[in-house]
Amino acid sequence: MVCGNAAGVLAPPYVNYKAEKIWSTWTENGPPDTRYNRTKSGWFDSNSFEDWFVSLMLPILKKQEGPKVIIGDNLSSHINIEVIKQCEMNNIKFIALPPNATHLLQPLDVAFFRPMKVAWRKILKDWKETAAGSRCTSVPKDQFPNLLNSLWGAMIKGPDNLIAGFRKSGIYPINREPVLKRLPSGSLDASISSIVGESFLEQITMKRQEATQEYRERKS
């Protein structure tokens with residue numbers, strides 16, 4: 001999990017391994033303050049999302065004054081009652097991006113992940129040319145944190161790509177024109193804003209109903 005803000009500052013990464021259990025050697029020599037976890041599938045679930053939010057993001061957000069906003073894709077499928085409770089206590093809001101729109105609206109997708117992938121490919125290429133790397137068909141989990149540290153060092157040096165992602169997605173400064181200019185010409189009709197709004201409201205309404213029902217069942 002990678003998270004950054006419009007000022008070009010990256011939060012520490014969150015690594016989620018595909019494994020039944022996690023070993024200490026999988027968590028050594030990574031970027032400072034990295035959080036490690038595991039799931040059977042390797043994908044984020046509600047528990048790992050809660051761990052990411054409570055253990056990594058919440059301490060950062062608590063240091064900031066005023067309202068805070070977390071923007072992301074597929075957020076609604078992971079938010080649980082504990083995360084909602086902590087958000088209410090700490091003036092934090094979630095904004096879930098509309099489906100199939102992350103290439104337009106997700107700042108890291110817009111301008112950050114591509115240069116990160118280029119840097120990662122070079123790191124892997126150099127590693128494969130070492131004696132240890134030449135013997136492996138994939139990166140062993142006990143060597144991954146060290147390689148991630150090299151990647152992270154390269155990415156935090158220059159905040160320009162992260163800042164550009166927020167600007168091109170129209171989030172900061174708030175401006176819809178950069179997004180509209182990148183849409184296919186046939187998409188620029190009067191209905192686009194209502195389509196996005198309906199999709200967003202449907203997701204939020206569904207998640208609110210699920211959270212409310214879960215809260216009532218716990219109280220009963």
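Listed by chain and number, the lysines whose alpha-carbon sits under 30 Å from that of Lys141, ignoring those within fewer than 8 places in the same chain, are Lys18, Lys21, Lys40, Lys117, Lys122, Lys125, Lys128, Lys157.
Each principal axis of the Cα atoms in the stretch 1-53 has its own extent, and those three values, largest first, are 37, 27, 13 angstrom. Across q = 0.13, 0.24, 0.28 Å⁻¹, the stretch 34-108 modelled as identical point scatterers on its alpha-carbon atoms has Debye log10 I(q)/I(0) values of -0.42, -1.24, -1.35, in the order of the q list.
In the stretch 76-138, which chymotrypsin sites (Phe, Trp or Tyr not before Pro) fall in coil by DSSP and have 12 or fewer other Cβ atoms within 10 Å? Could the numbers behind the result be given before it?
Numbers: sites: Phe94, Phe112, Phe113, Trp120, Trp127; in loops: Phe112.
When the chymotrypsin sites (Phe, Trp or Tyr not before Pro) of the stretch 76-138 are filtered for loop state and at most 12 Cβ neighbours within 10 Å, nothing remains.
Sequence-distant contacts, meaning Cα pairs under 8 Å at least 6 residues apart, place the relative contact order of the stretch 3-49 at 40 percent. When you filter the GluC sites (Glu not before Pro) in the stretch 74-163 for DSSP loop state and at most 14 other Cβ atoms inside 10 Å of their Cβ, you are left with Glu129. Put simply, when 33-42, 131-140, 6-15 are sorted by average Cβ atoms within 10 angstrom per residue, most first, you get 6-15, 33-42, 131-140.
Here the spin labels are modelled as points 7 Å beyond Cα on the Cα-Cβ line, and at Ala154 and Ser24 they lie 3.1 nm apart. Using C-alpha pairs below 8 Å separated by at least 6 residues, the relative contact order for the stretch 40-101 is 40 percent.
Let me know the shape class of the stretch 96-164, please: from the alpha-carbon gyration tensor, a ≥ b ≥ c as square roots of the eigenvalues, rounded when a/c is under 1.5, otherwise prolate if a/b is greater than b/c, or oblate.
Details: a/c = 2.97, a/b = 2.04, b/c = 1.45.
Prolate, because a/c is 1.5 or more and a/b exceeds b/c.
Only the coordinates and a few stated rules stand behind these numbers; no lab work does. On a predicted model such as this, the values are computed, not experimentally measured, just so you know. Every residue, glycine as well, gets a Cβ built from its backbone with ideal geometry; the counts of neighbours run over all protein chains shown.
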